[in-house]
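Some notes on the structure that comes next.
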């Protein structure tokens with residue numbers, strides 16, 4: 001059950017065979033033209049966070065997914081310029097993107113090639129300069145290499161295994177959660193039908209794991225989908241993918257979320273309950289006008 005860690009979307013290999021547009025970012029917003037209903041991919045060569053406004057979220061203008069240094073955007077409708085903010089996780093640098101969505105026609109369908117954005121001083125893909133690569137140090141051979149699979153196995157054993165079987169693993173340690181409230185981490189159906197509570201956190205090598213207890217609060221059965229996770233991550237796995245209706249055995253599961261930053265650092269503003277409630281109140285108030 002825990003042998004497989006799902007990497008959200010890993011298309012770097014296939015992208016290498018497709019022509020792509022390379023843009024050097026010089027602190028001027030980059031204009032990206034989209035086609036209604038069609039996905040376009042932007043490569044940053046580094047793990048990134050995507051910043052969107054509440055209006056963009058609530059207006060359902062476009063779907064954004066971020067994984068393995070790529071941002072995949074699919075507009076749900078046509079719209080004029082919408083600005084989003086891309087933040088690189090390793091150095092905190094920000095890239096501003098202006099999105100425009102056009103109606104689907106032959107011309108727009110011919111403009112779907114992936115885009116690679118490099119900062120002005122970068123000469124190679126991957127978010128590094130040539131000098132950085134040449135000066136890079138080799139990791140110590142004594143340092144244990146902890147994989148996401150090992151982190152998940154360790155966390156699952158701590159949560160569900162007998163205490164007598166708990167073993168310390170060199171390179172894995174407890175780390176503060178830094179999150180004290182329930183959070184909303186889903187888009188789609190699960191957004192309003194579940195409650196998620198962070199319960200454990202571990203660090204192993206370059207990775208951080210958060211164990212998040214997910215409970216169905218509705219009277220319907222829910223199928224959980226990794227693509228509905230509304231925050232950046234590297235790997236994720238559910239203990240169970242189907243949640244029974246609230247109050248029935250099987251109405252909760254554990255999500256193991258692995259990223260290169262602690263959970264508190266990757267939570268977007270809208271993942272906190274009070275923000276979601278306020279946004280929903282505002283939406284309902286607008287409808288009543």
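No value in this document is a laboratory result; all are computed from the given coordinates. Please read all numbers here as calculations on a predicted model, not as lab measurements. Reconstructed Cβ throughout: ideal geometry from the backbone, glycine too, with neighbour counts over all protein chains shown.
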- Query: Which residues in the stretch 18-58 have a backbone N closer than 13 Å to a point placed 7 Å from the Cα of residue 83 along the Cα-to-Cβ line?
  - Reply: 27-31, 52-53
- Message: Once each part is reduced to its C-alpha centroid, what is the distance from the stretch 235-250 to the stretch 35-76 in angstrom?
- Response: 27 Å
- Message: Counting each pair of different Cα atoms once, what's the Kirkwood radius of the stretch 148-287 in Å, rounded to one decimal?
- Response: 15.8 Å
- May I ask you to derive the FRET efficiency for residue 90 and residue 189 from their Cβ-Cβ distance with R0 = 25 Å, giving the value to the nearest 0.05? 0.15
- Note on the structure: Among the stretch 51-84, those whose backbone N falls under 19 Å of a label point 7 Å along Cα→Cβ from residue 227 are 60-77
- Spacing of the two label points (7 Å from each Cα toward its C-beta) at residue 206 and residue 147, in nm: 1.5 nm
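Between residue 168 and residue 28, what is the FRET efficiency for a Förster distance of 45 Å, r being their Cβ-Cβ separation, to the nearest 0.05?
Once the sixth-power term is evaluated, E becomes 0.30.
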